[in-house]
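First comes the structure, then the notes that go with it.
Just so it is clear, none of the values below were taken in a lab; they were calculated from the coordinates. Please read these numbers as outputs of a predicted model, since none were measured by experiment. A quick note on method: Cβ atoms are made from the backbone with ideal geometry, for glycine too, and the neighbour counts reach across all protein chains shown.
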Amino acid sequence: MRVGVAYADGGRQVWLRVDVADGATALDAIERSGLLDMYPTIDLETQKVGVFGKVVQLDTALQPGDRVEVYRAIICDPTQVPRRDSDDED
């Protein structure tokens, strides 16, 4: 079955399509994609993983067409970032 694996690092976004066996897990897809070789700083022990925006465990079985997402850690304190008002957007 075909699934996608997505990751964003700073200004670069990567979305890879991979073929995995039926019953493959999120971890299987990530490993098969080569993402861990492309980004050796990814630490699946600490970083969250999701499918279509919902956090899942690495052993979660995938369905055809799923998009596995590897999330980066938040690097700033959200309480210290100024909010943008919708009126500020043009």
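So which residues in segment 59-69 are under 11 Å from Gly4 (Cα atoms) and either among the aliphatic types (A, V, I, L, M) or part of a loop (DSSP other than H, G, I, E, B) (or both)? First the steps, then the outcome.
Step one: filter segment 59-69 for residues under 11 Å from Gly4 (Cα atoms), giving 62-69.
Residues satisfying the conditions are Leu62, Gln63, Pro64, Gly65, Asp66, Val68.
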Task: Any hit, segment 18-38, residues being touching a helix residue (DSSP H, G or I) at 6+ places or on another chain (Cβ under 9 Å), loosely packed, with under 14 Cβ neighbours inside 10 Å and within 19 Å of Arg2 (Cα to Cα) - done: yes
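For (1) more than 16 Å from Asp59 (Cα to Cα); (2) free of Cβ contacts under 8 Å to residues at least 40 places away in the same chain, each residue gets a yes or a no:
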| site | (1), (2) |
| --- | --- |
| Arg2 | yes, no |
| Val18 | yes, yes |
| Gly23 | no, yes |
| Ala29 | no, yes |
| Arg32 | no, yes |
| Asp37 | yes, yes |
| Leu44 | no, yes |
| Val49 | no, yes |
Open item on the list: So in segment 3-58, with the set limited to residues that are among the acidic types (Asp, Glu) and in a loop (DSSP other than H, G, I, E, B), which one is farthest from Val70 (Cα to Cα)?
Closed with: Asp22
- [ ] State all residues of segment 39-58 that are aliphatic (A, V, I, L, M) and over 16 Å from Arg2 (Cβ atoms); if no residue qualifies, say none.
- [x] Ile42, Leu44, Val49, Val55, Val56, Leu58
